[in-house]
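Novice: Structure below; questions to follow.
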Amino acid sequence: MEKCFAVILAAGQGTRMKSKLYKVLHPVCGKPMVQHVIDNVSKLQVDEIITVVGHGAEKVKSELGEQTLYVLQEQQLGTAHAVLQAAQYLEGKEGTTIVVCGDTPLITSETFEKLLKHHLETKAKATILTAEVDDPTGYGRVIRNEEGLVEKIVEHKDATESERLVTEINTGTYCFDNASLFEALKHVNNDNAQGEYYLPDVIEILKEKGEIISAFQTDSFEETLGVNDRIALSQAELIMKRRINQKHMKNGVTIVDPDNTYISADAEIGQDTVIYPGTVIIGKTVIGEECEIGPNSEIKDCQIGHNTNIRHSVVHDSQIGNQVNIGPFAHIRPASVIDDGVKIGNFVEVKKSKIGKESKASHLSYIGDAEVGNGVNLGCGSITVNYDGKNKYLTKIEDGAFIGCNSNLIAPVTIGEGAYVAAGSTITDDVPGSALSIARARQVNKERYVIEKMNGKKS
């Protein structure tokens, strides 16, 4: 099988973004836009991906890691000059090279596949991804001959009156015969107003040699959107959000209000789960079947089982079991493990804790750095006091224990199996299994104290 390579152009600074963040690292639906490009290109099973970096190169490398090779374009001298930097890896190799901009996150893997297939079938040396637009002003026009092959690409400012009527435009994504590409790049000059080396000039060079230049028109202009400013970034976000939500709905997920539901590109959701408005699902979250999520909940990088309900709550970087009820207004912080059948109720915060099956913390509790067994009841206002100002310590509550309301468990401490802690207690020592622990001052009633005190003040 013929080899396939990809060159991703990601060297532009992106000044129009007006941001300290490198342009191609701006996220779209929770993932850097250049990562979307790599993910979609990778589905073609390309042999090598080379990313051309410039400003912010180290940040891009840190984000993408070993998914790609890197070449540095120190000076931004045009798209042809950028591709030429990949010669050290690709020059002289037989195969096909896809060239795509790192700020085009919406081009799908299906479109890349169709582009590549068309390129190979037409035996072209270059194939341009094109799109039909209502208003082509400012875009390069694709001029075809009677056979449907590309005659030339003409920029808007250079187009004749009849050429400006053409509504098929160059999207800036290409397939090239690799050897022909790098040979032609040597002959590209910068004899233009900007003094830059442009990739479309390769098309002209190949055309002059009598080579076949083909074009494949995508069905959707919007997927070719290049993100150059915050306005385009918001447009890309909306388009991808709609695309993601529709995918989940087609797979059996109910999204009550898709316009007000945000789901990341990497999230997985099981059949018959219902997502209510105002829900934000971030990162590589996996949600099981027949769950109810929202309204107004934020889920980030979590594993959630089946038949679980999360309402008006925040859950981050945690594992949630089956038939769990969370909220309203609960906060599950990172590194928590919530087992099957657990209830985490109103204004309960859980941090770096394991809570066993069928346990309950129904109201106004803080559970931090704790191991809670099965069938435990944590009464209203129960707190694991895990921090002494310097170090954090473990609280262990064994199976079947009952923690009365407004109790403080001063870690490190263990509450034994089946033990009871009386309401209002501050526990500083271990409680044996099946014991009742009472740690509060004995009640003293001073009769007539208020009357006498008040009378004393008046005298």
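The values are calculated or read from the model by the stated rules, or taken from the named source; none is laboratory data. What you are looking at is a predicted structure, and each value in this text was computed from that prediction instead of being measured. Here the Cβ is made from the backbone with ideal geometry for all residues, glycine too, and neighbour counts use every protein chain on show.
Novice: May I ask you to list the residues in the range 345-382 that are among the hydrophobic types (A, V, I, L, M, F, W, C) and over 33 Å from the mean Cα position of the chain (by Cα)?
Specialist: Passing the criteria: V376, L378, C380.
Novice: Being at pLDDT 95 or above and surrounded by 21 or more Cβ atoms within 10 Å (Cβ to Cβ) is true for just one of A87, A126. Which residue is that?
Specialist: Exactly one residue qualifies, and that residue is A126.
Novice: Could you grab me the full set of residues in the range 226-256 that are more than 23 Å from K23 (Cα to Cα) and touching a residue at least 12 places away in the same chain (Cβ under 8 Å)?
Specialist: Within the range 226-256, N245, Q246, H248, N251, G252, V253, T254, I255, V256 meet the criteria.
Novice: Can you find even one residue in the range 392-410 that is outside the structural domain of I310 (by TED's automatic domain parsing), among the polar types (S, T, N, Q) and in contact with a Pro (Cβ under 8 Å, 6 or more places away or on another chain)?
Specialist: Within the range 392-410, one or more residues are outside the structural domain of I310 (by TED's automatic domain parsing), among the polar types (S, T, N, Q) and in contact with a Pro (Cβ under 8 Å, 6 or more places away or on another chain).
Novice: Within the range 56-77, track down each residue that is under 15 Å from Y22 (Cα atoms) and either part of a helix (DSSP H, G or I) or among the hydroxyl-bearing types (S, T, Y) (or both).
Specialist: A57, E58, K59, V60, K61, S62, E63, L64
Novice: Taking the range 147-178 on its own, how many of its residues are part of a loop (DSSP other than H, G, I, E, B) and in contact with a strand residue (DSSP E or B) (Cβ under 9 Å, 6 or more places away or on another chain)?
Specialist: The total comes to 7.
Novice: Something else about it: If you take just the strands (runs of 3 or more DSSP E) that sit entirely in the range 382-442, which of them hold at least 3 residues that are out of contact with any Asp or Glu (no Cβ under 8 Å at 6 or more places or on another chain) and aliphatic (A, V, I, L, M)?
Specialist: Those strands (runs of 3 or more DSSP E) do not exist here; none qualify.
Novice: Related question: Given the residues A370, A423, A401, which is the only one that is within 20 Å of A335 (Cβ to Cβ), among the hydrophobic types (A, V, I, L, M, F, W, C) and free of Cβ contacts under 8 Å to residues at least 60 places away in the same chain?
Specialist: Step by step, each of A370, A423, A401 is checked, and only A370 is within 20 Å of A335 (Cβ to Cβ), among the hydrophobic types (A, V, I, L, M, F, W, C) and free of Cβ contacts under 8 Å to residues at least 60 places away in the same chain.
Novice: Which of the residues belonging to the range 55-69 are surrounded by fewer than 19 Cβ atoms within 10 Å (Cβ to Cβ) and not hydrophobic (A, V, I, L, M, F, W, C)?
Specialist: Across the range 55-69, the qualifying residues are H55, E58, K59, K61, S62, E63, G65, E66, Q67.
To keep it simple, each residue is scored yes or no on (1) touching a Cys at 6+ places or on another chain (Cβ under 6 Å); (2) exposed (fewer than 15 other Cβ atoms within 10 Å of the Cβ); (3) at pLDDT below 95.
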{"residue": "I212", "(1), (2), (3)": "no, no, yes"}
{"residue": "D219", "(1), (2), (3)": "no, yes, yes"}
{"residue": "S234", "(1), (2), (3)": "no, yes, no"}
{"residue": "V256", "(1), (2), (3)": "no, yes, no"}
{"residue": "G278", "(1), (2), (3)": "no, no, no"}
{"residue": "E289", "(1), (2), (3)": "no, no, no"}
{"residue": "S297", "(1), (2), (3)": "no, no, no"}
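Novice: What number of residues in the range 152-176 are within 22 Å of E222 (Cβ to Cβ) and not hydroxyl-bearing (S, T, Y)?
Specialist: Residues flagged as within 22 Å of E222 (Cβ to Cβ) and not hydroxyl-bearing (S, T, Y) within the range 152-176 amount to 8.
Novice: Can you name every residue in the range 396-439 that is among the charged types (D, E, K, R) and either within 19 Å of K360 (Cβ to Cβ) or surrounded by fewer than 14 Cβ atoms within 10 Å (Cβ to Cβ) (or both)?
Specialist: K396, E398, D399, E417, D429
Novice: Of the residues that sit in the range 184-210 and are β-branched (V, I, T) and in contact (Cβ under 8 Å) with a residue 60 or more places away in the chain, which one is surrounded by the most Cβ atoms within 10 Å (Cβ to Cβ)?
Specialist: V202
Novice: I would also like to ask the following. Report yes if some residue within the range 165-177 is among the aromatic types (F, W, Y) and in contact (Cβ under 8 Å) with a residue 60 or more places away in the chain; otherwise report no.
Specialist: The answer is yes; a qualifying residue exists.
Novice: Among the residues that make up the range 45-55, is at least one of them assigned to a loop (DSSP other than H, G, I, E, B), over 30 Å from S19 (Cβ atoms) and in contact with a Cys (Cβ under 8 Å, 6 or more places away or on another chain)?
Specialist: Yes, because at least one residue in the range 45-55 is assigned to a loop (DSSP other than H, G, I, E, B), over 30 Å from S19 (Cβ atoms) and in contact with a Cys (Cβ under 8 Å, 6 or more places away or on another chain).
Novice: Exactly one of (1) assigned to a loop (DSSP other than H, G, I, E, B); (2) over 55 Å from the mean Cα position of the chain (by Cα) is unmet by I451. Its number?
Specialist: It fails just one condition, (1).
Novice: Out of (1) assigned to a helix (DSSP H, G or I); (2) under 28 Å from E113 (Cβ atoms); (3) in contact with a strand residue (DSSP E or B) (Cβ under 8 Å, 6 or more places away or on another chain); (4) not polar (S, T, N, Q), what's the single condition that is false for I205?
Specialist: That leaves (3) as the condition not met.
Novice: Mind listing whichever residues of the range 209-224 are part of a loop (DSSP other than H, G, I, E, B) and either over 17 Å from Y174 (Cβ atoms) or in contact with a Pro (Cβ under 8 Å, 6 or more places away or on another chain) (or both)?
Specialist: Answer for the range 209-224, where residues must be part of a loop (DSSP other than H, G, I, E, B) and either over 17 Å from Y174 (Cβ atoms) or in contact with a Pro (Cβ under 8 Å, 6 or more places away or on another chain) (or both): G210, D219, S220.
Novice: Further question: Can you name the number of the only condition in (1) within 35 Å of the chain's Cα centre (by Cα); (2) within 17 Å of D339 (Cβ to Cβ) that V385 fails?
Specialist: Failing condition for V385: (2).
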